[in-house]
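What follows draws every value from the coordinates through simple rules; no lab data is involved. Just so it is clear, the structure is predicted and the values come from calculations on it, not from any experiment. Because the Cβ atoms are built from the backbone with ideal geometry, glycine has one as well, and the counts that use them run over all protein chains shown.
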Number of protein chains: 2
Amino acid sequence: VTPAQLLDEARSGSARAVGRLLSLAEDGDLSAVLAPDHARVVGITGPPGVGKSTTTSALIAVLRERGCTVAVLAVDPSSPFSGGALLGDRIRMGDHATDSGVFIRSMASRGHLGGLAAAAPGAVRVLDACGFDVVLVETVGVGQSEVDVAQATDTSVVILAPGAGDGVQAAKAGVLEIADIFVINKSDRDGAQATASDLRRAIARTPRAWEPPVLPTVAPQGTGITELADALEQHQQWLQRSGNLELRRRRRAAAEVRALALGLVQQGLAVPDEVADAVAAGTTSPRQAAQDLLA
Amino acid sequence: VTPAQLLDEARSGSARAVGRLLSLAEDGDLSAVLAPDHARVVGITGPPGVGKSTTTSALIAVLRERGCTVAVLAVDPSSPFSGGALLGDRIRMGDHATDSGVFIRSMASRGHLGGLAAAAPGAVRVLDACGFDVVLVETVGVGQSEVDVAQATDTSVVILAPGAGDGVQAAKAGVLEIADIFVINKSDRDGAQATASDLRRAIARTPRAWEPPVLPTVAPQGTGITELADALEQHQQWLQRSGNLELRRRRRAAAEVRALALGLVQQGLAVPDEVADAVAAGTTSPRQAAQDLLA
């Protein structure tokens, strides 16, 4: 079966063909045959325990009601060694497993040339080419993974929960710049109002052309999910109107190329034991050793 | 003031001199003048909200009772943009701020050549050279940051809490391989026993020369912290006996050199807009673009 045939099958609704294309993209080089299509690419991230999976599941339901097909890429940067796939969890799978308009795939960080920074945009390109209306890229964690995911998407949704402590602080300090939409999930809990006000104040301090809305949700009951879907559409319209969509897609492609190039360099970089020992003993500086390694 | 003079002052107890040496190391190249000393280097990590700061504070108190000087490097990988410093928090600072045997420094990921994978080992080398008995490297998050931190330390402590959900799963899936000691904090809560049993079963499935203990603590009351300090000493003795200490330090130096070398390459890598646009349009493959970029 050629990639072109797989693409035909995928566009006709074969989940199996989509999966094979993703595997081919992860292993080798498929993208030359992949023309961009019309998918809206949405990143969903936030610290553990805020209800990302439940929110994603509820959002899928609303998007399906609106007639959109949805692909979910569940990225797990917390599994550098084991290649585990935590996020394709049972609840979400159970809700949408029998729906042929929903495709779900997990991706761990292990073994991709250039890491997730290269692999996630590559997988997004495949899912777009397969004709999905919306591609949701879900990541757990607060850290570099968010930045990589934001670089791979058009719209970046950050989910928080009231009183999430570290999480809210982290969002205020580091994720603020990359979030296009904030969701305060579990908004029926104490402190939801305070968390939202905190965030809105932080947002107001750094004015931007697009001001991220702060949306309260209670995902298990579906509360606020319609508003989230509306906000996604509004952001997409703003991206197109303002010319930012093209800029983001250029940035995404550049990030992918850069990550792949670094991965190729990394493959060729081995530090000899005697060099490492000299650095450990303090007789060679690490920067000198790095320069020698590249020379 | 020369680096050698700063080092003299630092070794005589000047926190200011330690701080200036760290800044010099972050900016430039100091390590040629830094001979390794005797510090035990301990990484402390775990998901947000498990009580890392409280545990670290309680551990510092026990180490101080045992006559050790302690340097804390609080690494914040969640602040890629803002360079914020979340972890040097008030509680811990308040407890030990007036103790000249405790030095605390925060480090964000921003702006370091080679990222935290290079900057953290560099800072550890400075703190070791300054003569501290113990260097604690604290990181928040579950992800690549843990791996980088583990590479920068002799002993890697992973803190979890009962029912931490994602956190425990992540630890089982990805952090298991890098943890030398597990702490179940908040062990007076429901589910602590189950979490500990879960972990011990997971550990038993992947036998290693050093079997990571699983230690229950209630950090605010200091419960279990003496046992944690004992476990740290036992692990250090094992490292020395088994020859693994030298191997780990070689690996740490190699990781630092590799990260610096990649950082140097990255500095020189710019993806031209027309290349990014061609990749976004599907007319050039990202891998071809990456290879062209390196050629």
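Values computed for the structure shown
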{"read-out": "Calculated FRET efficiency for the pair B:Asp99/A:Thr2, C-beta based, R₀ 45 Å, to 0.05", "value": "0.05"}
{"read-out": "B:Arg208/B:Asp37 FRET efficiency (R0 41 Å; Cβ-Cβ; nearest 0.05)", "value": "0.90"}
{"read-out": "Fewest-first sequence of B:Thr226, A:Thr55 by Cβ atoms within 10 Å of each Cβ", "value": "B:Thr226, A:Thr55"}
{"read-out": "17 Å tail of the calculated P(r), the stretch B:9-62, as % of Cα pairs", "value": "60"}
{"read-out": "Sorted by Cβ neighbour density within 10 Å, fewest at the top, the residues A:Leu136, B:Leu294", "value": "B:Leu294, A:Leu136"}
{"read-out": "Relative contact order of the stretch B:1-69, pairs being alpha-carbon contacts under 8 Å that are 6 or more residues apart, as %", "value": "18"}
{"read-out": "Inter-site label distance for B:Arg201 and A:Ser12 at 7 Å from Cα along Cβ, in nm", "value": "4.5"}
{"read-out": "Rg in Å to one decimal, and Dmax rounded to a whole Å, for the stretch A:201-287 via C-alpha atoms", "value": "23.2, 62"}
{"read-out": "Lys, Arg +1 and Asp, Glu -1 on Cβ, resulting dipole of the stretch B:217-280 about Cα centre, debye, nearest 20", "value": "480"}
{"read-out": "Phi-based couplings in Hz for the stretch B:36-44 (Karplus 6.51, -1.76, 1.60; Gly and Pro marked x)", "value": "x, 10, 10, 4, 8, 10, 10, x, 10"}
